[in-house]
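The values are calculated or read from the model by the stated rules, or taken from the named source; none is laboratory data. Only a predicted model underlies this, so the values are computations on that prediction, with no experimental measurement involved. Using ideal geometry, Cβ is built from the backbone for each residue, glycine included, and neighbour counts are taken over all protein chains shown.
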Amino acid sequence: MSKLMECEEEVGRYYNDVIFDAEVTRLETLFPVEYAITSRHLRRWIPEGSTVAEVGVGGGLYSELLASRRCRLHLVDVSEKLLNAATERLRAGGFDSQVIGVDHASATNLDCLLTGTFDAVLMLGPLYHLLALADRQRAVEEAARVLKAGSVLIAAGINRFDYLRDLFREAPQKVLMRRDFIRQFLRDGNLNPEIAPPIGHSHTTTVAEFRALFADNFEELALVAVESFASPWQSALNELSKAEAEAWLDLIEQTGTVPEAFGLADHFLYIGRRK
């Protein structure tokens, strides 16, 4: 177990004590487009049988997907409850033999992972919670360190404008009392539990900032606006037939790399090859 910084321990406690249930269920119930499109890219970029470091496991849905493709998984998270939930999901699915390691650790310090041993690294969450640029850079450097040359990093970021969209929709009268916060937010992209309780201490990004984060260590293979035009209405996907859902997902994926989509999407997904 790597030692966590105080801020990382706080994020882990927030997931353990405040939003654990929501995190475990959210992809299937509220954000099925996020899950479906991200899953398409995992299948596309991570070959069957790969050795994968999943740094930030959530509820274990992506772990289960990769395990079903014969991948060997090393699971890392700052939340012990999420690690337990992911390993239990894998055990229940009969995939426990494919778990090669489980560590309560942070993306900024992956001493638990050996250098140059992984075919892919997932960071589908850690970059949300690293408020300082130096910590985000350190996480990317750690991902590059543990990857084999030419292997792939898949990382997610949150669109900075999501907060403003949701504030306008849910509590537009608060704009005056939050004026100073919003000025600062537009500069640094950082949120806190008082302002944004569903996600707590978190960092939101812009396309330019997110792309630049990886430039020194990775060759960009793709940058995707995950939900494209569907962000505010994702749960509608669960009400469709399989054929209807796949048709919409095809359109979402087709439009997810054009400039207009990045202003609409909740998440950006970066796929890069280690230099």
- prompt: (1) assigned to a loop (DSSP other than H, G, I, E, B); (2) out of contact with any helix residue (DSSP H, G or I) (no Cβ under 7 Å at 6 or more places or on another chain); (3) not polar (S, T, N, Q): which one isn't true of I182, the others all being true?
  reply: (1)
Flag for L30 being touching a strand residue (DSSP E or B) at 6+ places or on another chain (Cβ under 8 Å) and either within 28 Å of L264 (Cβ to Cβ) or modelled with pLDDT of 95 or more (or both): no
query: Restricting to the stretch 12-41, what's the tally of residues that are under 20 Å from E239 (Cβ atoms), among the hydrophobic types (A, V, I, L, M, F, W, C) and either out of contact with any helix residue (DSSP H, G or I) (no Cβ under 8 Å at 6 or more places or on another chain) or without any contact (Cβ under 8 Å) to a residue 60 or more places away in the chain (or both)?
result: 1
- prompt: Assuming L131 fulfils every condition listed in (1) of a type outside the set (D, E, K, R); (2) in a loop (DSSP other than H, G, I, E, B); (3) over 19 Å from the mean Cα position of the chain (by Cα) apart from one, which condition is it?
  reply: (3)
task: Sort out which residues of the stretch 185-208 are buried (at least 16 other Cβ atoms within 10 Å of the Cβ) and either among the aliphatic types (A, V, I, L, M) or in a helix (DSSP H, G or I) (or both), and write them in order of number.
output: F185, L191, I195, A196, I199, V207
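Let's see how each residue does on (1) among the β-branched types (V, I, T); (2) under 27 Å from T29 (Cβ atoms):
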{"residue": "M177", "(1), (2)": "no, no"}
{"residue": "D180", "(1), (2)": "no, no"}
{"residue": "L191", "(1), (2)": "no, yes"}
{"residue": "I199", "(1), (2)": "yes, yes"}
{"residue": "H203", "(1), (2)": "no, yes"}
{"residue": "E209", "(1), (2)": "no, no"}
{"residue": "F214", "(1), (2)": "no, no"}
{"residue": "E220", "(1), (2)": "no, no"}
{"residue": "E227", "(1), (2)": "no, yes"}
field: the stretch 217-257 - residue that is part of a loop (DSSP other than H, G, I, E, B) and without any contact (Cβ under 8 Å) to a residue 24 or more places away in the chain and, of those, surrounded by the most Cβ atoms within 10 Å (Cβ to Cβ)
entry: L240
- line: Taking the stretch 42-75 and keeping residues free of Cβ contacts under 8 Å to residues at least 60 places away in the same chain, in contact with a strand residue (DSSP E or B) (Cβ under 8 Å, 6 or more places away or on another chain) and either of a type in the set (F, W, Y) or under 24 Å from E220 (Cβ atoms) (or both) leaves L66, C71
statement: Conditions (1) under 22 Å from the mean Cα position of the chain (by Cα); (2) surrounded by 12 or more Cβ atoms within 10 Å (Cβ to Cβ) -> R178 fails only (1)
task: Output the residue which, of all residues in the stretch 3-57 that are buried (at least 18 other Cβ atoms within 10 Å of the Cβ) and polar (S, T, N, Q), is nearest to R69 (Cα to Cα).
output: S50
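Could you tell me whether the stretch 58-74 includes any residue that is under 21 Å from I158 (Cα atoms), within 18 Å of the chain's Cα centre (by Cα), part of a strand (DSSP E or B) and not aromatic (F, W, Y)?
There is no residue in the stretch 58-74 that is under 21 Å from I158 (Cα atoms), within 18 Å of the chain's Cα centre (by Cα), part of a strand (DSSP E or B) and not aromatic (F, W, Y).
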query: Is there a residue being over 23 Å from L4 (Cβ atoms), more than 19 Å from the chain's Cα centre (by Cα), outside any helix (DSSP H, G or I) and of a type outside the set (V, I, T) anywhere in the stretch 137-148?
result: yes
- prompt: Of the residues in the stretch 72-86, how many are within 18 Å of L113 (Cα to Cα) and either buried (at least 22 other Cβ atoms within 10 Å of the Cβ) or in contact with an Asp or Glu (Cβ under 7 Å, 6 or more places away or on another chain) (or both)?
  reply: 8
- prompt: Can you tell me which of F185, F218 is more than 20 Å from A143 (Cβ to Cβ) and in contact with a strand residue (DSSP E or B) (Cβ under 8 Å, 6 or more places away or on another chain)?
  reply: F185
